[in-house]
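The values are calculated or read from the model by the stated rules, or taken from the named source; none is laboratory data. Just so it is clear, the model here is predicted, and its values are computed rather than measured. Counting neighbours? That spans all protein chains shown, and the Cβs are built from the backbone with ideal geometry, glycine included. Side chains are part of the model used for accessible areas, which takes the heavy atoms of the whole protein and leaves out ligands, DNA and RNA. Shrake-Rupley method; radii C 1.70, N 1.55, O 1.52, S 1.80 Å.
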Amino acid sequence: MQSTLWWLAFGDIHDNVSRLEELPGLADATGVIVTGDITVGGGIKQAERSLEAVARVNPNVLAQIGNMDRGEVTEWLETRGWNLHASVREVAPGAAIVGVGASTFTPFGTPSEFPESRFSAWLDDIHRTLRERGLRRVLLVSHNPPHHTLCDRVGDRHVGSTAVREFIEEVQPDVCVCGHIHESRGVDRIGRTVVVNPGTLLSGGYVVVRLSGEGGFAAELNVLKP
């Protein structure tokens, strides 16, 4: 195993990959993680256009739908071996990247919205797999941020997922990289878990996630110059 594995994580692409070439180290990273909202209400054609642009620079892609992506995108991601939603990817002995895409209900009726109960079910399955496989170093990629953090605020309201927060409180992954709430770029903490929302790719936000030796995942929020 390499002494240090590292990924570039970003999301909320919304059909615009114009800033990809500005991301430092994109081609050299162990892989690329796309947290969701690849399109603006689009399906496979739109998602393919953006993610193929990513894969031309770094073919090691993990991605999942956001609330703005149609459900068919998950099936397409599966065919490419890229799907992260509702899955557990072991990336080193004892270490895994897990994902939950889509979002809870919004006022906008976007294509992939689900009740908290569905998120609880997905996350329960993930937790069970982590326990069964003895995976204790965990990076959670959740399009929907956990409830009541600096990463889920719209004005003075917290609109994140309670199910995601409950999972974090119980499992305590090393890092949670989220998105969805564009205006809540920031870093927070739930127990030992570092929560990072980089905002949109167009606004320049991205996260460098590292996994070193026997340690856990660590994350650093970065923002491209305007």
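Between Gly191, Gly36, Gly204, the residue with the greatest mean-square fluctuation in the GNM of the chain (Cα pairs under 10 Å linked by springs) is Gly191. In this structure the chain gives 42 Å² per residue of accessible area when probed at 1.4 Å with all protein chains present. Distance distribution P(r), segment 26-134, all Cα-Cα pairs, bin width 5 angstrom from 0: 2, 12, 21, 22, 19, 13, 8, 2, 0 percent. Placing unit charges on each Cβ (+1 for Lys and Arg, -1 for Asp and Glu) gives segment 74-226 a dipole about its Cα centre, and among Leu140, Gly213, Ala102 the Cα reaching farthest toward its positive end belongs to Gly213. Could you identify which residue out of Gly41, Gly215, Gly31 has the top mean-square fluctuation in a GNM of the chain using Cα springs shorter than 10 Å? Looking only at Gly41, Gly215, Gly31, the largest GNM fluctuation is found for Gly215. Loop-located trypsin sites (Lys or Arg not before Pro) across segment 164-226 with a Cβ neighbour count of 13 or fewer within 10 Å are Arg192, with loop assigned by DSSP. Entry note, the chain: relative contact order of 21 percent, from Cα contacts under 8 Å with a spacing of 6+ residues.
Charged side chains reduced to their Cβ positions (Lys and Arg at +1, Asp and Glu at -1) give the chain a dipole of some 320 debye around its Cα centre. Using the Cβ of Asn197 as centre and a radius below 15 Å, the other residues enclosed give a net charge of -2, where K and R count +1 and D and E count -1. Shown here: log10 I(q)/I(0) by the Debye sum over Cα atoms at q = 0.09, 0.15, 0.16 Å⁻¹, derived from the displayed model; of the candidates (1) -0.46, -1.12, -1.21; (2) -0.30, -0.90, -1.05; (3) -0.35, -1.04, -1.20, it corresponds to (2). Solvent-accessible area of the chain (1.4 angstrom probe, protein heavy atoms only): carbon and sulfur portion equals 48 percent. Largest accessible area first, the listed residues His180, His143 line up as His180, His143 when surface is computed with a 1.4 Å probe on the assembled protein chains.
The charge dipole of segment 59-181, taken about its Cα centre with unit charges on the Cβ of Lys, Arg, Asp and Glu (plus for the first two, minus for the last two), comes to roughly 260 debye. If you take the Cα centroid of segment 97-141 and the Cα centroid of segment 154-226, the two points sit 15 Å apart.
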